[in-house]
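Colleague: First the structure, then my questions, so here it is.
The values are calculated or read from the model by the stated rules, or taken from the named source; none is laboratory data. From a predicted model like this one, the values you see are computed outputs, not experimental measurements. Counting neighbours? That spans all protein chains shown, and the Cβs are built from the backbone with ideal geometry, glycine included.
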Amino acid sequence: MLVLVINSGSSSLKYQVRDVEAGSVLAEGLVEKIGMGTGGEGDGEIEGPRDHAEALEQVDAEIHAALGDRELDAVGHRVVHGGERFAEPVLINNEITRAIERLNPLAPLHNPANVLGIRAISKKWPDMPQVAVFDTAFHRTLPEHAWRYAVPEELYANHGIRRYGFHGTSHEYVAHRAAALLDVPLEEFDAVIAHLGNGASVTAIRGGQSVDTSMGFTPLEGLVMGTRSGDLDPSILVFLGRAGWSPEDLDAMLNRQSGLKGLAGNNDMRSVVEAAEAGDARAAMALAVASYRLAKYIGGYHVAVGGAKALVFTAGIGENSHQFRGLVAERLGALGVLLDDGLNRERSKEPRVISTASSAIPVLVVPTDEERAIAEATAAVVAHPASVAP
Ligand code: AMP
């Protein structure tokens, strides 16, 4: 089955065409600057597409050669917010599209863009089966004690203020692969998975299911990220609000100027590690804050899962930065975690164990592949639509 995987942002459209049975990628690309016009007058910058429909025309032209005489069978959309309703991928119809749209207030930057992508496909290919794969869905198994904030009930009842969790597609995919690597049935897999990319979250897996995760109402909660603060005392916002900061100022500060960027002046982990190795004290401090925060979560989630049988690193930093993995592992001595330095430094695209034989908890690196997971989920829903009704 040929699946077009779409990750639609407000001004960008990332895509991949995958042959699900062969596990291969036929085409991939990114259309940017949607709806942004030219960058300036007469400066020779290429004009971006006017809207998502025009961006899709560009995608269609780009994938044409790769498809040859084959045709797309389905489209899978990465949808950021599935709210409390969606615990599984779902075949899209008008009602589902409206339901995703109703969740816009919970993900104002993402869900409207996802809906634009869905509508652009419906218009261009009215008969194409489309499937929504939600970033929140895997975390619908969180117990109430993990998803509640200790705030007045009406905030949950009237505004949906609770913890949802994100990166679910990646955590679920990595959980499956890690369990398979260790030859443990998924239903018996208890682990902590750290997805460390520009956005970062850590998930507690018990019996193959998510029982806690570090992102909450939005993807801001939890770990120190590239430009996001992660956890802080909410009174800081009250304090700054009283000092005249607007909601937009606070949003920009927390989401775009904080994290590694706020601490070290650079949001890219590779650069921060290099700077720290060259003696930059701010970079070293940023790594210490980020690794300490993650180690605290891992300790907490070790308890949440009743004793993790694996610690798994994934995504850009988790897969590639042996230095950051090393810093985190150093702080986990109390759990008996011991990395094998040689295995930790090895570069590979394969899932692998990087701990010593005597480590109390095996430590794994498992590359994530959200597009593959979305393509496989899409193919499964299209093959058996009735069995996965929400
Ligand atoms: P992602 O969002 O998953 O693409 O991850 C992006 C993050 O991964 C950035 O902070 C990159 O600096 C980091 N990253 C990618 N490759 C490496 C590498 N070889 N060493 C350290 N960090 C890396």
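Colleague: What's the total number of residues in segment 213-262 that are away from the ligand (no atom under 14 Å from the Cβ), among the hydrophobic types (A, V, I, L, M, F, W, C) and in a helix (DSSP H, G or I)?
Modeller: Qualifying residue count, segment 213-262: 9.
Colleague: While we're here: I'd like to check something: does segment 60-79 contain any residue that is under 22 Å from residue 26 (Cβ atoms), acidic (Asp, Glu), at pLDDT below 95 and part of a helix (DSSP H, G or I)?
Modeller: yes
Colleague: Closer than 15 Å to residue 132 by Cα, part of a loop (DSSP other than H, G, I, E, B) and of a type outside the set (Gly, Ala, Ser): which single residue out of 84, 47, 95 fits that description? So that I can check it myself, show each step before the final result.
Modeller: Numbers: 47 fails: closer than 15 Å to residue 132 by Cα; 95 fails: part of a loop (DSSP other than H, G, I, E, B).
Result: 84 is the single residue among 84, 47, 95 that is closer than 15 Å to residue 132 by Cα, part of a loop (DSSP other than H, G, I, E, B) and of a type outside the set (Gly, Ala, Ser).
Colleague: Within segment 144-158, can you find the residues that are more than 21 Å from residue 87 (Cβ to Cβ) and surrounded by 11 or more Cβ atoms within 10 Å (Cβ to Cβ)?
Modeller: Within segment 144-158, 151, 155 qualify.
Colleague: Moving on to the next point. With respect to residue 255, is the statement that it is within 28 Å of residue 322 (Cβ to Cβ), surrounded by 15 or more Cβ atoms within 10 Å (Cβ to Cβ), under 17 Å from the mean Cα position of the chain (by Cα) and at pLDDT below 95 true?
Modeller: It is false that residue 255 is within 28 Å of residue 322 (Cβ to Cβ), surrounded by 15 or more Cβ atoms within 10 Å (Cβ to Cβ), under 17 Å from the mean Cα position of the chain (by Cα) and at pLDDT below 95.
Colleague: Go through segment 265-283 and give me each residue that's more than 11 Å from the ligand (Cβ to nearest atom) and assigned to a helix (DSSP H, G or I).
Modeller: 275, 276, 277, 281, 282, 283
Colleague: Is it the case that segment 284-303 has a residue that's assigned to a loop (DSSP other than H, G, I, E, B) and either farther than 14 Å from residue 196 by Cα or more than 15 Å from the ligand (Cβ to nearest atom) (or both)?
Modeller: No: segment 284-303 contains no residue that is assigned to a loop (DSSP other than H, G, I, E, B) and either farther than 14 Å from residue 196 by Cα or more than 15 Å from the ligand (Cβ to nearest atom) (or both).
Colleague: Check whether at least one residue in segment 242-251 is closer than 26 Å to residue 288 by Cα and within 24 Å of the chain's Cα centre (by Cα), and report yes or no.
Modeller: Scanning segment 242-251 turns up at least one residue that is closer than 26 Å to residue 288 by Cα and within 24 Å of the chain's Cα centre (by Cα).
Colleague: Within segment 1-22, how many residues turn out to be over 20 Å from residue 115 (Cβ atoms), in contact with a helix residue (DSSP H, G or I) (Cβ under 7 Å, 6 or more places away or on another chain) and not in a strand (DSSP E or B)?
Modeller: 2
Colleague: Here is a further query. If only one of 230, 222 is among the small types (Gly, Ala, Ser), in contact with a Ser or Thr (Cβ under 7 Å, 6 or more places away or on another chain), surrounded by 15 or more Cβ atoms within 10 Å (Cβ to Cβ) and on the phi > 0 side of the Ramachandran plot, which one is it?
Modeller: 222
Colleague: Quick one: which of 104, 94, 111 is touching a helix residue (DSSP H, G or I) at 6+ places or on another chain (Cβ under 6 Å), surrounded by fewer than 20 Cβ atoms within 10 Å (Cβ to Cβ) and not small (Gly, Ala, Ser)? Spell out the reasoning first.
Modeller: Details: 94 fails: touching a helix residue (DSSP H, G or I) at 6+ places or on another chain (Cβ under 6 Å); 111 fails: surrounded by fewer than 20 Cβ atoms within 10 Å (Cβ to Cβ).
Selected residue: 104, the only one of 104, 94, 111 that is touching a helix residue (DSSP H, G or I) at 6+ places or on another chain (Cβ under 6 Å), surrounded by fewer than 20 Cβ atoms within 10 Å (Cβ to Cβ) and not small (Gly, Ala, Ser).
Colleague: Let me ask something additional. Exactly one of (1) of a type outside the set (Val, Ile, Thr); (2) buried (at least 18 other Cβ atoms within 10 Å of the Cβ); (3) within 14 Å of the ligand (Cβ to nearest atom) is unmet by residue 332. Its number?
Modeller: (3)
Colleague: Let me ask something else. Taking helices (runs of 4 or more DSSP H) that do not extend beyond segment 309-390, which have at least 2 residues that are touching a Leu at 6+ places or on another chain (Cβ under 9 Å) and touching a residue at least 40 places away in the same chain (Cβ under 8 Å)?
Modeller: Counting at least 2 such residues, we get 315-320, 322-330, 370-383.
Colleague: Just wondering, is there one or more residues in segment 297-307 that are touching a residue at least 60 places away in the same chain (Cβ under 8 Å), out of contact with any Pro (no Cβ under 9 Å at 6 or more places or on another chain) and surrounded by fewer than 14 Cβ atoms within 10 Å (Cβ to Cβ)?
Modeller: For segment 297-307, residues touching a residue at least 60 places away in the same chain (Cβ under 8 Å), out of contact with any Pro (no Cβ under 9 Å at 6 or more places or on another chain) and surrounded by fewer than 14 Cβ atoms within 10 Å (Cβ to Cβ): present.
Colleague: Would you check which residues across segment 307-323 are within 12 Å of the ligand (Cβ to nearest atom) and closer than 10 Å to residue 194 by Cβ and list them?
Modeller: Answer for segment 307-323, where residues must be within 12 Å of the ligand (Cβ to nearest atom) and closer than 10 Å to residue 194 by Cβ: 313, 314, 315, 317, 318.
Colleague: Need at least 2 residues that are among the basic types (Lys, Arg) and in contact (Cβ under 8 Å) with a residue 40 or more places away in the chain per element, so show me which helices (runs of 4 or more DSSP H) inside segment 133-212 make the cut, counting only ones lying wholly within it.
Modeller: Here the list is empty.
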